[in-house]
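What follows is one structure encoded as structure tokens, with my remarks underneath.
The values are calculated or read from the model by the stated rules, or taken from the named source; none is laboratory data. Bear in mind the structure is a predicted one, so any value in this text is a computation, not a measurement. For neighbour counting, all protein chains shown are included, and Cβ atoms are generated from backbone atoms with ideal geometry for every residue, glycine included.
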Amino acid sequence: MSDSLIAQLRHLAALWLFGVTALAATTWVCFQLGLGFEAASFSLLIVIVFLSLMDSLISSVVFSLVAVVGLDYYFVPPLFTPLIFSKQDLWALATFIVASLVITSLVRRTRRLADTVRDRARLLDLTHDSVFVRNLGGEITYWNHGAEQLYGWRNEEAIGKVAHDLLQTVFPLPFEEISHELLASGHWEGELVHTKRDGSRATVASRWSLQTDERGQRIGTLETNSDITERKRAEESLTQIQAAHLTEAQRMGRTGSWSLDMSSGVMSASPELFRIFGLDAEKDELTQDFVLKSVHPDDHAFIEEVMRRRATTAADYEYDFRIVTAEGTIRHLHSVSHPVLGESGVLVGYFGTAMDTTERKHAEEALRQAHDDLARVSRVSIISELTASLAHEIIQPISAAVANARAAQRWLDPEAPDLEEARAAVAAIVSNGTLAAEIVSRTRRLFERGALQGEVVEVNDIIREAVQLLSGEAARQAVSIRTFLESTPEILADRVQLQQVVVNLVLNAFDALKEVDGKKEVAIRSQLDGEQVMVSVSDTGEGLPPEMVDRLFETFFTTKPRGTGMGLSISRSIITAHGGRLWAEPNNPRGATFQFALPILPQQPTG
Ligand code: ADP
């Protein structure tokens, strides 16, 4: 026999002994007091009810039977015998035993229910979540330990208070909407903000469930809240960090983003977009109207058309346009927009980006200008190459003019003058002279724009500008340009022409690297060598076969299918015109180095 069974039996024996003694004592007292059957039976019933709180149904049956025996013996005639003669007495005893069993079972059930409720309440106290129950009037009827911990009010302080007044609840939706959902589904979940006893605020994830009685009538709402204040804070700071990164990335990429709600026409924009439009994100508003007003007059009709099409046709759009900012500067924008579709594919808005391409446009413009200048310089160089032939051309009309003049002299001989012939000879002289003048002025016109513009320049500045001009091309060809620039004294030079030489040498290096696999690098070095500034451009490209080195600088020498063979000869004539030297050397193990040396300005005596 197990220990627990022995303990149970012991408890039962003690209870029965106690119960029977209590019933006997009650019977004896009632008898001594000379009470009748009814009064004695009520007294015994009370004792049985008390005893029933202590144990099971069997005990109640036992106690009821003992009480019936006592009643029969002392209060039902003939007294002091177990005999019953009248039907009435029998009925009274039967009624007593039924009443006793019904009442004790009801009492036990009520007690069990109370125990269950108490156990549940104890469980609710164990959870860390705050749990409270509100009745239909919103008053708190239950307030667990977790609620005490979270909000700071003790159970007895909270009970009876209107919950949402006490906690100053901030709802995420109108209260009517929440109630509506609660009534419809029996549940609601959402985030609330509560104010604690100490005045601080807590954000809670709240779950509500409707409480009903057995008949399905609403009796209140059970609200379970878990504190997510810290999580919220962490989320917010993460969001802030991400927003800061995004803003920084947009600033570096000069790209703003925006979204547009089609139904309201409301536009929201990132700080970078405000900056691009010359606005302050903190103070100003960026609306569609403002964007349209800022569009450059020449692009206005186009942008209006884009906006019209965007409103009717959900599609991706990509377009370039210009704006005029409040300060009056013109900015070039490249915009991309993507439609946002709602349920059943309806167009609800757009997300988009706008990249400020002004600087890129300027760089492209400068590069084009540089190309134009280079073309001009090549023209000048060709002209210098062609000067000899032009001189030859001029000799023809001049010799003819001299011959015609001699003839005219003869025809005007006073001995036998022939004025007709003389006039014809003079007319020929005029046309010979006109032709010569035309040849000369054509040559001069071609030379005019290429005149050397001497100014004091820093070679390193020129190299840096050239590298910047070529950065787009370098990226396209996956070549990295490295510069090793030592500080060098100033020189007297034509900035544009010198830049064209550097550009030309680097572009040649790019060409030489075209067929090379792996890393493609061009190195530009500058250094002072005695009285000269040396600049070199080296590559690891196809290199220079020895038989080629001597011919590289010849006009029209090229090994490229689309080459002109003029770049190096022009470059050399520019460097020579500056009093310098340009030459090429093969690189070890591969590639070529082109370098030029330019005289520095005479130093001012110091002291
Ligand atoms: P183009 O490049 O138009 O042919 P250039 O005068 O610039 O005319 O160059 C003449 C030739 O010199 C090129 O066709 C090429 O064969 C050679 N050359 C120039 N630069 C390099 C270099 N960095 N590496 C190898 N060969 C080069």
The stretch 506-527 residues that are closer than 14 Å to residue 475 by Cβ, paired with ones that are of a type in the set (Phe, Trp, Tyr) and more than 8 Å from the ligand (Cβ to nearest atom) (beta carbon under 8 Å, 6 or more apart):
522/510
(1) surrounded by 12 or more Cβ atoms within 10 Å (Cβ to Cβ); (2) in a loop (DSSP other than H, G, I, E, B) all hold for residue 90 apart from (2)
The stretch 466-490, subset within 16 Å of the ligand (Cβ to nearest atom) and assigned to a helix (DSSP H, G or I), residue nearest to residue 534 (Cα to Cα):
466
All positions within the stretch 563-583 that are near the ligand (Cβ under 7 Å from one of its atoms) and under 51 Å from the mean Cα position of the chain (by Cα):
563, 564, 565, 566, 567, 568
I'm told residue 458 meets every condition in (1) away from the ligand (no atom under 16 Å from the Cβ); (2) surrounded by 21 or more Cβ atoms within 10 Å (Cβ to Cβ) except one. Can you identify the failing condition by its number?
(2)
Filter the stretch 232-273 down to the residues that are in a loop (DSSP other than H, G, I, E, B) and in contact with a strand residue (DSSP E or B) (Cβ under 8 Å, 6 or more places away or on another chain), then identify the one that is nearest to residue 310 (Cα to Cα).
262
Picking from 113, 123, 51, 71, the residue that is surrounded by fewer than 18 Cβ atoms within 10 Å (Cβ to Cβ) and farther than 30 Å from residue 203 by Cβ would be 113
Are there any pairs with C-beta distances below 7 angstrom linking a residue in the stretch 552-571 that is farther than 15 Å from residue 506 by Cα and basic (Lys, Arg) to a residue that is assigned to a loop (DSSP other than H, G, I, E, B) and within 6 Å of the ligand (Cβ to nearest atom), with the two at least 6 apart or on different chains, and if so which?
none
Could you list all residues from the stretch 549-562 that are more than 6 Å from the ligand (Cβ to nearest atom) and out of contact with any Pro (no Cβ under 8 Å at 6 or more places or on another chain)?
550, 551, 553, 554, 555, 556, 561, 562
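Quick check on residue 141: is it over 30 Å from residue 48 (Cα atoms), touching a helix residue (DSSP H, G or I) at 6+ places or on another chain (Cβ under 8 Å) and not hydrophobic (A, V, I, L, M, F, W, C)?
Numbers: over 30 Å from residue 48 (Cα atoms): yes; touching a helix residue (DSSP H, G or I) at 6+ places or on another chain (Cβ under 8 Å): no; not hydrophobic (A, V, I, L, M, F, W, C): yes.
For residue 141, the condition - over 30 Å from residue 48 (Cα atoms), touching a helix residue (DSSP H, G or I) at 6+ places or on another chain (Cβ under 8 Å) and not hydrophobic (A, V, I, L, M, F, W, C) - is not met.
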Only one of (1) in a helix (DSSP H, G or I); (2) within 28 Å of residue 110 (Cα to Cα) fails for residue 54. Which number is that?
(1)
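Yes or no, residue by residue, for (1) closer than 20 Å to residue 94 by Cα; (2) in contact with a Ser or Thr (Cβ under 7 Å, 6 or more places away or on another chain):
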position: 2; (1), (2): no, no
position: 7; (1), (2): no, no
position: 18; (1), (2): no, no
position: 36; (1), (2): yes, no
position: 41; (1), (2): yes, no
position: 48; (1), (2): yes, yes
position: 53; (1), (2): no, no
The stretch 166-199, residues that are free of Cβ contacts under 8 Å to residues at least 12 places away in the same chain and either surrounded by 15 or more Cβ atoms within 10 Å (Cβ to Cβ) or not aromatic (Phe, Trp, Tyr) (or both)
174, 176, 177, 179, 180, 181, 184, 185, 199
Collect the residues in the stretch 584-605 that are in contact with a Gly (Cβ under 7 Å, 6 or more places away or on another chain) and within 8 Å of the ligand (Cβ to nearest atom), keeping them in residue-number order.
591, 592
Any idea which residue in the stretch 508-548 is farthest from residue 601 (Cα to Cα), counting only those that are at pLDDT below 90 and near the ligand (Cβ under 10 Å from one of its atoms)?
545
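Is it the case that the stretch 311-323 has a residue that's surrounded by 17 or more Cβ atoms within 10 Å (Cβ to Cβ), touching a Lys or Arg at 6+ places or on another chain (Cβ under 8 Å) and among the β-branched types (Val, Ile, Thr)? Step through it out loud before you land on a result.
Just the residues of the stretch 311-323 that are surrounded by 17 or more Cβ atoms within 10 Å (Cβ to Cβ), to begin with: 314, 321-323.
Narrowing the set further to residues that are touching a Lys or Arg at 6+ places or on another chain (Cβ under 8 Å) leaves 322-323.
Then keep just the ones that are among the β-branched types (Val, Ile, Thr); that gives 323.
Yes, the stretch 311-323 has at least one match.
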Out of curiosity, is residue 498 within 8 Å of the ligand (Cβ to nearest atom), at pLDDT below 95 and either over 47 Å from the mean Cα position of the chain (by Cα) or closer than 20 Å to residue 371 by Cα (or both)?
no
